Amino acid sequence: MRQAGSVPEPHSAPSDPARHPHAATLLRLEKSSGSLAADAIARMDETLPWYRAMPPENRSWIGLVAQAGIAAFTEWFRHPEAPQAISTDVFGTAPRELTRAITLRQTVEMVRTTIEVMESAIDEVAAPGDESALREALLVYAREIAFATAQVYAQAAEARGAWDARLESLVVNAVLSGEADEGALSRAAALGWNSPEHVCVVLGTAPDGDSELTVEAIRRAARHAKLQVLTGVLGSRLVVVAGGSADPLRTARDLIGPFAAGPVVAGPVVGDLLSATRSAAAAAAGLRACAAWPDAPRPVLADDVLPERAMAGDAAARRQLVEEIYRPLEEAGSALLETLSVYLEQASSLEGAARMLFVHPNTVRYRLRRVTDVTGWSPSDVRSAFTLRIALILGRLADAGSQP
């Protein structure tokens, strides 16, 4: 393998150079290769501001590439009938360093400058009568070097894409497994994640077929919705860590297109990527619990599936129901808890609850409004009433368990 920094060695010359149809021009081209490379570097320094601004190490890489390009053209002219591996001959001097140091646009400018220098020297380098042949060879070589440039950068882009996909998969898996740490933050930053204030996790079933196409479809939807995303297909699940919106339901709706049929669950919004493990845990529990609610909306919030999650054994959902519904009602006074309990037992009948409590129906109505104000769940709504009932049961069990 050729070492970095070396100039490609010329192919073996014909046994009799005089037999080459353009032997004189070939000899003059070989003698002029050093001065042509120097002229190309001088032209770059004069006309390309980005080249002048580069550190000396990077400029030296570009000089080697320019020199290798002229040497490769000499071999092209020597053996026009032989297959040429231009990308290896030219960019093999520093492929990785080149693609990291300068952009594709800058590489095109570098190649164009070198070709222009060589073209301007044709009349001096070519032997009398060979000008047209040398110019034609240079035109063909310029076309091939353009293809070689595109190939080098395409290969580098593919390698970076594969590496980025692995990094992204590691970050998404860490969030979903609850193992996100500073290393995950560093990987996310390398992928362009700029730490948005609002983050949530959306989970659903991945469609059949190429997972890369699914991931790209999520990215397109995210760009349209102005969201940042880290996404991946893990087994049968499509996982999206989305940042940039404080509304998780809207986020899920914006990204739902690429998901396969079935429930899609959005976890609660959290403040950063490390906290996204909580959102992912809630979304995963909600996705499992959706089997108990066939008519759940699509997408659905993980918090809207709290009763099913609690009944499925999700300890976090049980705590949330007790802490966000039962305890606030308990602190608001025994009248609210009693009224809610009786109302639910009386099949959500105001008159029935009023008779059992020996109060006016308007008093029951007022207390139920207070329940809604305190918990955010309305007892008059069938779904909310179910959630409130489960919260009451769990709260009473918690109280009973805390007694000696």
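When the residues of region 218-235 are filtered to those that are touching a residue at least 40 places away in the same chain (Cβ under 8 Å) and under 11 Å from the mean Cα position of the chain (by Cα), which remaining residue is farthest from residue 187 (Cα to Cα)? Full working, then the answer.
Here is the first cut: in region 218-235, the residues touching a residue at least 40 places away in the same chain (Cβ under 8 Å) are 218, 230-232, 234.
Those still in the list that are under 11 Å from the mean Cα position of the chain (by Cα) too: 218, 230-232.
Numbers: 218: 20, 230: 11, 231: 13, 232: 14 Å.
The selected residue is 218.
Open to solvent by less than 20 Å² (accessible area, probe 1.4 Å), of a type outside the set (Lys, Arg) and within 21 Å of residue 178 (Cβ to Cβ), is that true of residue 283?
On the way: open to solvent by less than 20 Å² (accessible area, probe 1.4 Å): yes; of a type outside the set (Lys, Arg): yes; within 21 Å of residue 178 (Cβ to Cβ): yes.
Criteria met by residue 283.
Select, from 305, 265, the only residue that is at pLDDT 95 or above, over 22 Å from residue 173 (Cα atoms) and out of contact with any Asp or Glu (no Cβ under 7 Å at 6 or more places or on another chain). Outline the logic, then answer.
Working: 265 fails: over 22 Å from residue 173 (Cα atoms).
305 is the lone residue from the list that is at pLDDT 95 or above, over 22 Å from residue 173 (Cα atoms) and out of contact with any Asp or Glu (no Cβ under 7 Å at 6 or more places or on another chain).
With respect to the numbered conditions (1) assigned to a helix (DSSP H, G or I); (2) more than 16 Å from residue 108 (Cα to Cα); (3) at pLDDT below 80, which one is the sole condition not fulfilled by residue 14?
So residue 14 meets the others, but not (1).
If residue 9 satisfies every condition in (1) within 20 Å of residue 104 (Cβ to Cβ); (2) among the charged types (D, E, K, R); (3) at pLDDT below 80 but one, which is the exception?
(1)
Kindly evaluate residue 317 against the criterion of being in contact with a helix residue (DSSP H, G or I) (Cβ under 7 Å, 6 or more places away or on another chain), open to solvent by 40 Å² or more (accessible area, probe 1.4 Å) and either modelled with pLDDT of 95 or more or under 26 Å from residue 280 (Cα atoms) (or both).
So residue 317 fails the test.
Here is a yes/no grid of residues against (1) modelled with pLDDT under 80; (2) among the hydrophobic types (A, V, I, L, M, F, W, C); (3) open to solvent by 60 Å² or more (accessible area, probe 1.4 Å):
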site: 4; (1), (2), (3): yes, yes, yes
site: 21; (1), (2), (3): yes, no, yes
site: 29; (1), (2), (3): no, yes, no
site: 32; (1), (2), (3): no, no, no
site: 36; (1), (2), (3): no, yes, no
site: 48; (1), (2), (3): no, yes, no
site: 58; (1), (2), (3): yes, no, no
site: 61; (1), (2), (3): yes, yes, no
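Among what's in region 342-365 and is among the β-branched types (Val, Ile, Thr) and open to solvent by 20 Å² or more (accessible area, probe 1.4 Å), pick the residue that is nearest to the chain's Cα centre (by Cα).
At the first step, the residues of region 342-365 found to be among the β-branched types (Val, Ile, Thr) are 342, 359, 363-364.
Now restrict to residues that are open to solvent by 20 Å² or more (accessible area, probe 1.4 Å): 342, 359, 363.
Details: 342: 52, 359: 60, 363: 55 Å.
Here the residue is 342.
Of all residues being among the hydrophobic types (A, V, I, L, M, F, W, C) and assigned to a helix (DSSP H, G or I) in region 366-389, which is surrounded by the fewest Cβ atoms within 10 Å (Cβ to Cβ)? Just the residue, please.
Of all residues in region 366-389, those among the hydrophobic types (A, V, I, L, M, F, W, C) come to 368, 371, 374, 377, 382, 385-386, 388.
With assigned to a helix (DSSP H, G or I) added as a condition, the list becomes 368, 371, 374, 382, 385-386, 388.
Values: 368: 20, 371: 24, 374: 17, 382: 9, 385: 18, 386: 16, 388: 26.
Residue satisfying both the conditions and the ranking: 382.
When you check residue 339 against the structure, is it over 43 Å from the mean Cα position of the chain (by Cα), of a type in the set (S, T, N, Q) and buried (at least 19 other Cβ atoms within 10 Å of the Cβ), yes or no?
In short, yes.
What single numbered condition from (1) modelled with pLDDT of 85 or more; (2) buried (at least 16 other Cβ atoms within 10 Å of the Cβ) fails to hold for residue 138?
With respect to (1) modelled with pLDDT of 85 or more; (2) buried (at least 16 other Cβ atoms within 10 Å of the Cβ), residue 138 is out only on (1).
Against the conditions (1) within 18 Å of residue 199 (Cβ to Cβ); (2) in a helix (DSSP H, G or I), where does residue 272 fall short? Just the number, please.
(2)
The values are calculated or read from the model by the stated rules, or taken from the named source; none is laboratory data. This one's a predicted model, so the numbers in the text were calculated from it and none came from an experiment. Backbone-built Cβ (ideal geometry, glycine too); neighbour counts: all protein chains shown. Ligands, DNA and RNA are stripped out before the accessible areas are found, and what is left, the full protein with its side chains, is counted by its heavy atoms. Shrake-Rupley method; radii C 1.70, N 1.55, O 1.52, S 1.80 Å.
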